[in-house]
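Data block below; observations after.
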Amino acid sequence: MIATFFLLALMQIKVPDAAQFVGAPQGTPLTGPQLERRTMEISSELRCPVCQGLAIGDSPSQMAANMKAQVRELLERGYTEQQILSYFEKSYGQFVLLKPKFQGVNALVWILPVLALAAGFVLVVTKAKKLETAPEKVAAAPEETAEDPYLARVREMVEKQ
Amino acid sequence: MNRTVLIIGIIIVGAIVFILFAGLGKDPQHIDSPLVGRQAPPFALRAVGTGETIDLESLRGKPVIVNFWATWCGPCFEEHPTLVANARNLPNVQFVGIVFNDTDDKIMRFLAERGSAYPTLLDANGKTAIAYGVGGVPETFFINPAGKIVAKFEGPLSTETLQENLAKALR
């Protein structure tokens, strides 16, 4: 990485840097297996902009590979997960986050399932309470049909046998 | 009870149908750029062919049109003549092409066959494209003389769409 930096400096090449968007790294530089693991974890939270709902970690596209390489480099430099997600969000907007933030219309994504669950619970409790009163009616039914002529005929045939 | 359930059901189904219907007219690849209204991310990249380094900072003082493209992109073939013609007709506007995920020889061949009127820079690792939130090519950014991005256009430009967006950079 240092060699690349000097080569780019020699060629006077300058690419936009994360520091301009999210400031200096606030974490610990990662290396080895931990770097690979965190790269995969963060890559699973970022949407590939040229795919249909795929994370950059799952996409075979070159664009996703570039983004994943950048995640890896930022972790190597000590950027935190929050800083990395914020860096990509500043370029692509909230679209790039596979887990939408709890704000604005996006908050509905989090609130609606809880509301639906609560509504379902209320419905089940209401139905269960109504069922509690239903058995009395069921028990009363045989009394009313005791004089059923068909039943009396069956009983008579059984007694004969 | 049945009437209440019916009303609730109609409301829920109606809301879902409305959301799906509203989404039908949208391009799934369209991304509203949070960069519009902000300073353009600075870059200095090597020009293909000449090897000269073009620094965005050095272009301050005149409108800049930054076009992200690639030789493997079909719509880029379509818009290239529009960009070349407008670059020749608008000497006070700086056009810059940025190519990513591509190679020098392919770019040189493309430009030799189809003409060139402005510098084409190579974004070797795609970092400039990422900083500009490029989702697919072609995408074009219109930067005013103060260095602020005033518009982003996705897809192949026509002379009308180019001039319509350029007008925002001239205000």
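Any read-out appearing in this document is the output of simple, stated calculations on the displayed coordinates, not a laboratory observation. None of the values given here were measured: they were computed from a predicted structure. Ideal geometry is used to build each Cβ from the backbone, glycine not excepted, and the neighbour counts take in all protein chains shown.
Estimated from helical segments only, the mean residue ellipticity of chain B at 222 nm is -12500 deg cm²/dmol, where each DSSP H run of four or more residues counts as -39500 (n - 2.57). Normalised by the number of residues in segment B:77-171, the average gap of Cα pairs under 8 Å and 6 or more apart makes the relative contact order 26 percent. Computing FRET efficiency as 1/(1 + (r/R0)^6) for B:Ala146 and B:Ile11, where r is the C-beta to C-beta distance and R0 is 41 Å, gives about 0.25.
Assuming 1.002 mPa s and 20 °C, estimate D for the protein assembly as shown with Stokes-Einstein, Rh taken as the Kirkwood radius over Cα pairs, in µm²/s.
Translational diffusion coefficient: 88 µm²/s.
For the pairs A:Lys68/B:Lys127; A:Lys101/B:Lys148; B:Lys62/B:Lys127, flag any whose C-alpha to C-alpha distance is greater than 18 Å.
A:Lys101/B:Lys148; B:Lys62/B:Lys127
For A:Ser61 and A:Val122, what does the FRET efficiency come to when R0 = 41 Å and r is the distance between their Cβ atoms, rounded to the nearest 0.05? The calculated FRET efficiency here is 0.35. Residues whose amide H comes within less than 5 Å of that of B:Ala47, counting only those at least five positions distant or on another chain, are B:Glu52, B:Thr53, B:Ile54 (H built at 1.01 Å from N in the peptide plane). The mean number of Cβ atoms from other chains found within 10 Å of a Cβ in peptide B:66-78 is 0, as a whole number.
Summing charges over neighbours of B:Thr103, with a neighbour being any other residue whose Cβ is under 14 Å away from its Cβ, gives -1 when K and R count +1 and D and E count -1. A Cβ-based charge dipole, computed about the Cα centre of segment B:1-116 with Lys and Arg at +1 and Asp and Glu at -1, lands at about 380 debye. The residues neighbouring B:Thr161, those whose beta-carbon lies less than 14 Å from its own, together hold a net charge of -4 under the Lys/Arg +1, Asp/Glu -1 convention. What the phi angles of segment B:81-94 give under the Karplus curve with 6.51, -1.76 and 1.60, with θ = phi - 60°, is a coupling list of x, 4, 5, 4, 4, 5, 5, 6, 7, 10, x, 8, 10, 8 Hz, glycine and proline written as x.
Roughly speaking, what % of Cα-Cα pairs in segment B:46-118 are separated by over 16 Å, rounded to a whole number? Of the Cα pairs, 49 percent sit more than 16 Å apart. Tally Lys and Arg at +1 and Asp and Glu at -1 over the other residues with C-beta under 14 Å from the C-beta of A:Gly23: what net charge comes out? Cβ neighbours under 14 Å give a net charge of +1. Working from label points 7 Å from Cα in the Cα-to-Cβ sense, the A:Asp17 to B:Asp55 distance is 1.4 nm. Karplus-derived 3J(HN,Hα) values for segment B:138-145, using 6.51 cos²θ - 1.76 cosθ + 1.60 with θ = phi - 60°, are x, 9, 10, 10, 10, 10, 7, x Hz; glycine and proline are entered as x.
In this structure, the amide hydrogen of A:Leu97, modeled 1.01 Å from its nitrogen in the peptide plane, lies closer than 5 angstrom to those of A:Arg47, counting only residues at least 5 positions away or on a different chain. Across peptide A:81-91, the mean count of Cβ atoms from other chains lying within 10 Å of each residue's own Cβ comes to 2.
Can you tell me which of A:93-105, A:122-134, B:82-94, A:61-73 comes out highest on packing, and rank the rest after it, using the mean Cβ neighbours within 10 Å?
The peptides rank, most packed first, as A:61-73, B:82-94, A:93-105, A:122-134.
Distance between Cα centroids, segment A:54-69 to segment B:61-130: provide it in whole Å. Measuring centre to centre over Cα atoms gives 24 Å.
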